[in-house]
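Structure first, commentary second.
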Amino acid sequence: MGYAIETNQLTKIFRKGRGLWSLFNNGRWDGKGTRALDGVDLQVEEGEIFALLGPNGAGKTTLIKILCSLVLPDGGEARIFGHDVVREPKKVKPAISLTVGEERSFYWRLTGRQNLEFFAALYNLSKKEARRKIGEAAAALGIEDLDKRYQEYSTGNRHRLALARGFLNGARLIFMDEPTRSLDPNASLALRDLIRRQVREGSGKTFFFTTHQTGEAEALADRIAILDQGKLRACGTLEALRRLTGESSLDRIFYRLTERP
C-alpha cells in the first residue's frame, strides 16, 4: 500500500505588514508574521485512521487546508495519493472529502434531506444510491427528522449533516476538522463506530482528523501525530509514543511534548 498523504518540509507563514507599511514600501514584506507550519514531514498510509493532535493554534486547520488545495504553502511539498496539491489540484479534489465544524454551504430553507440530495447530485450519484447513502449516514449519526428545514436544526444536528455530506462522494481520503465538536457523547460514539466500520469492511478509505482531545485520538486513531506551534513533535502508534517519552497515558505524553520551557 502507498501513502495517502506525504509532506516534505511543509511550511506556511501568515505574513504581517500588508497594510500601510507595504503601500509605502512597494508591497514588500517586512519579515514579520506567524509561522503556522514549520517544516512538517508527514506520511499517512492508505487505509489508516490518523489523528493530528494539538492545542488550539497549533496549525492543524492550516495543514488540512493545504492538503485540500484551499491554501497555498510557502515552502515544501504535499502530495495526496502521489499528486502534488499545488500543481495537480484537479487530481486531488475528486479523491478527498472535507468536513469542518463551521459548515456554511448548506441552504437554510431546504430540508436536511434536500440539502444532502443536492450535494449527492453534484457528486453524480443516482437517486437510488443517494437515498441509500443518505439513509445510512443519517442512521449512523443519529440525525433526527431529515425533512426539517436546515435553519430549524440545532447546532449539533447541523454538524451531523456536515459529517453525513462528507460520506456521500465516495472519497478515498476523508478529512475531518474536529469532527466531534458540537456532538453529544452518543453521537460521538456513533461517528467513531461508523469510521471503524468503514475501515473493517475494507472500504479502502483513509481517515485524517484533527483534535485537541487526547481521549478522542486514543480511542479512534491507528497512529497519532502531535503538532505544536507549527512543528511536528512526534508521530507514531500510542505504544511508540509511550516508548519515546516514557509516559503511559496520552495526556502525559501530550503534556510532555508540548510543555513550555
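The values are calculated or read from the model by the stated rules, or taken from the named source; none is laboratory data. Here the structure is a predicted model, which means the values were calculated and not measured. Positions of Cβ are generated from backbone atoms using ideal geometry, with glycine treated the same way; all protein chains shown enter the neighbour counts.
Side notes on the structure shown:
- Of all the residues in region 139-156, those that are under 15 Å from residue 110 (Cβ atoms) and not acidic (Asp, Glu) number 7.
- For residue 113, the stated conditions do not hold, so it cannot be described as among the basic types (Lys, Arg) and out of contact with any Leu (no Cβ under 6 Å at 6 or more places or on another chain).
- Criterion (within 19 Å of the chain's Cα centre (by Cα) and modelled with pLDDT under 90) met by exactly one of 164, 140: 164
- Summed over region 219-251, the residues that are of a type in the set (Ser, Thr, Tyr) and either surrounded by 15 or more Cβ atoms within 10 Å (Cβ to Cβ) or within 20 Å of residue 194 (Cβ to Cβ) (or both) give a count of 1.
- Here residue 216 meets each of (1) surrounded by fewer than 18 Cβ atoms within 10 Å (Cβ to Cβ); (2) touching a residue at least 24 places away in the same chain (Cβ under 8 Å); (3) within 14 Å of residue 53 (Cβ to Cβ); (4) under 20 Å from the mean Cα position of the chain (by Cα) with one exception, condition (1).
- Checking each residue of region 65-72 against the condition of being hydroxyl-bearing (Ser, Thr, Tyr), closer than 28 Å to residue 159 by Cβ and without any contact (Cβ under 8 Å) to a residue 60 or more places away in the chain gives at least one match.
- Of the numbered criteria (1) surrounded by 14 or more Cβ atoms within 10 Å (Cβ to Cβ); (2) within 24 Å of residue 11 (Cα to Cα), the one residue 110 fails is (2).
- Restricting region 69-82 to residues that are surrounded by fewer than 19 Cβ atoms within 10 Å (Cβ to Cβ) and within 15 Å of the chain's Cα centre (by Cα), the residue that is nearest to residue 256 (Cα to Cα): 71
- The single residue among 193, 177 that is surrounded by 15 or more Cβ atoms within 10 Å (Cβ to Cβ), among the charged types (D, E, K, R), out of contact with any Cys (no Cβ under 7 Å at 6 or more places or on another chain) and more than 24 Å from residue 110 (Cα to Cα) turns out to be 177.
- A single member of 100, 86, 92 is within 17 Å of residue 210 (Cα to Cα) and either in contact with a Ser or Thr (Cβ under 6 Å, 6 or more places away or on another chain) or not polar (S, T, N, Q) (or both), and it is 100.
- You will find that of 158, 79, 113, the residue that is in contact (Cβ under 8 Å) with a residue 60 or more places away in the chain and touching an Asp or Glu at 6+ places or on another chain (Cβ under 7 Å) is 79 and no other.
- Test: residue in region 26-41 that is at pLDDT 95 or above, surrounded by 18 or more Cβ atoms within 10 Å (Cβ to Cβ) and more than 23 Å from residue 260 (Cα to Cα): no
- Residue check, residue 125 closer than 17 Å to residue 194 by Cβ and either in a loop (DSSP other than H, G, I, E, B) or touching a residue at least 24 places away in the same chain (Cβ under 8 Å) (or both): no
- For the residues 154, 188, the requirement of being surrounded by 17 or more Cβ atoms within 10 Å (Cβ to Cβ) and not charged (D, E, K, R) singles out 188.
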